[in-house]
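Okay, so here's the structure we're looking at.
The values are calculated or read from the model by the stated rules, or taken from the named source; none is laboratory data. What you are looking at is a predicted structure, and each value in this text was computed from that prediction instead of being measured. For neighbour counting, all protein chains shown are included, and Cβ atoms are generated from backbone atoms with ideal geometry for every residue, glycine included.
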Amino acid sequence: MARILALDYGKVRTGIAVTDEMQIIASGLTTVETKDLISFLQNYIVKEKVELFVMGLPKQMDNTPSESETMIQAFLDKLKKQFPDIPVERQDERFTSKIAFQSLVDSGIKKSKRREKGLVDEISATLILQAYLERKV
């Protein structure tokens with residue numbers, strides 16, 4: 001089997017998480033500047049087999065798309081052109097940033113480390129991927 005790679009896409013930076021090859025465990029991989037995301041993915045896919053991208057789906061509480069969905073759709077077009085053989089699925093990402101931040105607090109991470117927004121983005125991507133895996137079962 002190949003890995004599943006999840007993206008918590010943001011205007012400035014994107015959190016990335018991946019599964020193991022058996023697609024059982026979701027783990028944070030890294031956070032990259034969004035402007036460098038396609039080249040990061042190209043390099044990653046040369047080293048690791050990826051069979052699916054899971055992209056966060058930001059929604060409002062009333063289930064309507066959030067403002068960032070337009071920006072995400074533009075990126076999805078680029079992603080699909082660059083990697084036409086890798087399908088993309090979407091996963092609701094409501095509350096992932098809040099849950100990610102709270103998990104940092106609960107784990108005793110120092111306040112200075114919690115200010116690193118990239119860490120929150122990486123954990124958010126992991127939460128998106130874990131939710132996808134649980135939904136898939």
Is it fair to say Lys117 is at pLDDT below 90, surrounded by 13 or more Cβ atoms within 10 Å (Cβ to Cβ) and over 12 Å from the mean Cα position of the chain (by Cα)? yes
Please go through region 49-76 and pick out each residue that is in a helix (DSSP H, G or I), touching a residue at least 40 places away in the same chain (Cβ under 8 Å) and over 14 Å from the mean Cα position of the chain (by Cα). Met71
Enumeration of residues in region 55-102 that are surrounded by 13 or more Cβ atoms within 10 Å (Cβ to Cβ), more than 23 Å from Lys136 (Cα to Cα) and modelled with pLDDT of 95 or more: Phe75, Gln82
Within region 14-39, the residues that are within 11 Å of Thr126 (Cβ to Cβ) and of a type in the set (Gly, Ala, Ser) are Gly15, Ala17, Ala26, Ser27, Gly28
Every residue in region 1-27 that is assigned to a strand (DSSP E or B), over 9 Å from the mean Cα position of the chain (by Cα) and under 16 Å from Gln130 (Cα atoms), please. Arg3, Ile4, Thr19, Ala26, Ser27
Going by the structure shown, is Val46 loosely packed, with under 15 Cβ neighbours inside 10 Å and under 15 Å from the mean Cα position of the chain (by Cα)? no
Glu134: of a type in the set (Asp, Glu), loosely packed, with under 11 Cβ neighbours inside 10 Å and either closer than 17 Å to Ile38 by Cβ or modelled with pLDDT of 80 or more (or both), yes or no? yes
